[in-house]
């Protein structure tokens with residue numbers, strides 16, 4: 001298990017010989033190997049050896065998070081921040097845990113903002129801020145944060161994958177739930193489920209009852225009995241509605257849930273409209289001698305009840321295809337696709353979205369050409385170009401359904417263009433049949449691919465299969481102060497604190513000490529405190545009087561605590577002053 005090794009002299013070492021940092025390195029190795037339970041044990045060993053090690057507590061928090069124990073991950077993350085208030089990694093780790101804690105979303109945003117303030121050169125804080133915005137559906141803000149992260153590190157995989165989701169206007173699986181609400185997502189999930197079940201049951205019951213009543217009333221001549229059965233169906237909806245209403249519970253949040261999840265709102269509203277249309281249809285059928293003008297009204301009301309559900313599903317599929325910028329998302333995630341599973345999966349779904357757009361444009365163009373001017377269909381040959389270009393650039397492999405649907409769309413475009421060009425010529429009609437048939441085949445391929453994914457429980461061609469990249473954060477090592485650096489600050493006669501204010505860089509004398517955990521404690525003038533509150537990035541310079549040519553510079557983050565400044569190191573520079581022979 002990697003617990004026994006040898007030291008520099010070749011002597012065999014036992015686990016008890018390991019230092020706290022070595023146990024932290026072992027915990028990190030085990031986390032990378034996918035062994036969080038074993039990593040938790042190693043991190044606890046590190047914390048026992050050095051209770052002041054904020055790195056050990058961060059690893060404990062991360063191991064608990066990997067094991068799905070968010071409640072246990074929180075105290076360790078908070079302890080890491082207490083031990084190193086200037087550590088950007090501790091702040092990001094705490095933000096990652098707080099975002100899963102009901103009622104503490106604002107604190108998560110605050111901690112991520114502090115991490116960005118402490119380390120603007122690092123991509124991690126910007127990625128965390130982008131993830132927080134993305135989970136709330138704030139796509140423009142998420143896009144800005146991910147772009148800032150990529151400016152700091154163009155190879156950051158998580159920023160690239162999630163930027164693609166922001167460009168696609170992706171919604172999380174629990175889109176009805178605002179993470180900032182002080183309620184558990186499971187409670188709002190139960191409320192959403194009750195509303196969804198009610199809407200589904202109402203629409204299905206009325207959609208089945210309507211043709212059954214019409215069949216009894218018209219061919220069999222039993223209109224009175226059929227209408228009574230219809231009113232009985234409406235009465236049956238009363239206990240069904242009351243039962244689901246009791247399951248909702250969170251009525252104060254229902255309005256906000258419907259606004260956050262528009263399709264849930266459409267589903268509920270369509271169910272209500274179905275009830276109204278069904279009741280009006282029954283009343284209309286009770287008229288003894290209905291005038292001929294009322295016949296289309298009755299047919300329309302029945303159509304709302306029976307066809308409302310599939311019509312809404314079609315509208316939703318088209319609307320989802322036209323959200324976001326999928327081609328831009330493909331270009332952004334391209335560098336991450338070779339090494340990130342989420343990127344490859346999202347690229348496939350994005351290509352299906354582009355295909356859906358292309359298909360809808362071709363259907364509209366073909367219908368318009370057939371209705372107005374057949375020769376206008378010649379323009380169809382150019383419609384698939386963006387789709388084919390995106391498909392070839394993505395180099396997506398492993399989904400023959402996508403490849404088949406893509407080339408069917410190309411064939412449909414060419415056939416429709418040929419039909420418009422040939423016009424009334426003998427081959428024109430066959431070209432139109434081939435083009436429209438290929439468009440129908442594309443819809444069939446999409447439906448079969450979706451059913452296949454549903455049956456197997458795998459990713460399908462719809463937006464619901466998009467996957468957010470959520471890599472572990474806050475696992476990096478803390479900066480350690482070597483013995484010679486500690487000695488320098490212990491014996492230095494003069495220590496210089498460098499900071500910045502509105503007028504530029506400033507320096508001030510200070511008195512410093514080093515804690516056992518490697519944190520600097522400074523006493524400095526009041527003016528420095530005020531400037532550090534605005535910009536906590538500082539540098540502390542000291543020389544070793546025992547080795548007159550030896551100097552140390554510690555760059556870090558200063559935070560005020562009672563009557564001292566606590567400096568968490570970010571970088572340590574060590575060097576020597578030039579000798580006389582070097583000064584020339």
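The values are calculated or read from the model by the stated rules, or taken from the named source; none is laboratory data. Treat the numbers as computed from the prediction; the structure is a model and nothing was measured. Note: ideal-geometry Cβ built from the backbone for every residue, glycine included; neighbour counts use all protein chains shown.
When the residues of the range 364-390 are filtered to those that are buried (at least 21 other Cβ atoms within 10 Å of the Cβ) and touching a residue at least 40 places away in the same chain (Cβ under 8 Å), which remaining residue is nearest to residue 353 (Cα to Cα)?
Step by step, filter the range 364-390, then rank; the result is 390.
Which one of these does residue 151 not meet: (1) out of contact with any helix residue (DSSP H, G or I) (no Cβ under 7 Å at 6 or more places or on another chain); (2) assigned by TED's automatic domain parsing to the domain that holds residue 245; (3) modelled with pLDDT of 90 or more?
(2)
May I ask you to list the residues in the range 309-324 that are surrounded by fewer than 16 Cβ atoms within 10 Å (Cβ to Cβ) and not in a helix (DSSP H, G or I)?
Within the range 309-324, 322, 323 qualify.
Just checking, which of 492, 512 is in contact (Cβ under 8 Å) with a residue 24 or more places away in the chain, under 24 Å from residue 83 (Cβ atoms) and surrounded by 12 or more Cβ atoms within 10 Å (Cβ to Cβ)?
512
Taking interchain pairs and intrachain pairs at least six residues apart, which have beta carbon atoms under 6 angstrom, with the first residue in the range 293-308 and in the same structural domain as residue 279 (by TED's automatic domain parsing) and surrounded by fewer than 16 Cβ atoms within 10 Å (Cβ to Cβ) and the second outside any helix (DSSP H, G or I) and at pLDDT below 65?
Qualifying pairs under 6 Å: none.
Looking at 144, 104, 175, can you tell me which residue is within 23 Å of residue 79 (Cα to Cα) and outside the structural domain of residue 251 (by TED's automatic domain parsing)?
Only one candidate passes the filter, namely 104.
If you go through the range 143-168, how many residues are under 10 Å from residue 126 (Cβ atoms) and in a helix (DSSP H, G or I)?
10
If you check residue 189 against the conditions, is it within 22 Å of the chain's Cα centre (by Cα), touching a residue at least 60 places away in the same chain (Cβ under 8 Å) and assigned to a helix (DSSP H, G or I)?
In short, no.
Going by the conditions given, is residue 124 buried (at least 23 other Cβ atoms within 10 Å of the Cβ) and either under 24 Å from the mean Cα position of the chain (by Cα) or modelled with pLDDT of 90 or more (or both)?
For residue 124, the condition - buried (at least 23 other Cβ atoms within 10 Å of the Cβ) and either under 24 Å from the mean Cα position of the chain (by Cα) or modelled with pLDDT of 90 or more (or both) - is met.
If I go through the range 527-552 residue by residue, how many of them are crowded, with 21+ Cβ neighbours inside 10 Å, touching a residue at least 40 places away in the same chain (Cβ under 8 Å) and under 19 Å from residue 87 (Cβ atoms)?
3
State yes or no: is residue 555 surrounded by fewer than 21 Cβ atoms within 10 Å (Cβ to Cβ) and out of contact with any helix residue (DSSP H, G or I) (no Cβ under 7 Å at 6 or more places or on another chain)?
Judged against the criteria, residue 555 is a match.
Only helices (runs of 4 or more DSSP H) wholly contained in the range 206-298 count here; list those with 2 or more residues that are more than 49 Å from the chain's Cα centre (by Cα) and modelled with pLDDT under 90.
223-248, 262-285
Quick check: is even one residue across the range 438-457 within 25 Å of the chain's Cα centre (by Cα), in contact (Cβ under 8 Å) with a residue 12 or more places away in the chain and part of a loop (DSSP other than H, G, I, E, B)?
no
Give the range 495-505 a look and list any residue that's touching a strand residue (DSSP E or B) at 6+ places or on another chain (Cβ under 9 Å) and either assigned to a loop (DSSP other than H, G, I, E, B) or surrounded by fewer than 14 Cβ atoms within 10 Å (Cβ to Cβ) (or both), or say none.
505
How about the range 235-252: which of its residues are over 13 Å from residue 191 (Cα atoms) and surrounded by fewer than 16 Cβ atoms within 10 Å (Cβ to Cβ)?
Matches in the range 235-252: 235, 236, 238, 239, 240, 241, 242.
Based on this model, can you work out whether residue 478 counts as more than 39 Å from the chain's Cα centre (by Cα) and buried (at least 16 other Cβ atoms within 10 Å of the Cβ)?
no
Residues to consider are 84, 95; find the one that is at pLDDT below 95, in contact with a helix residue (DSSP H, G or I) (Cβ under 9 Å, 6 or more places away or on another chain) and crowded, with 22+ Cβ neighbours inside 10 Å.
84
When only residues in the range 515-526 that are in contact with a strand residue (DSSP E or B) (Cβ under 7 Å, 6 or more places away or on another chain) and farther than 17 Å from residue 569 by Cβ count, which is surrounded by the fewest Cβ atoms within 10 Å (Cβ to Cβ)?
By that ranking, first place goes to 525.
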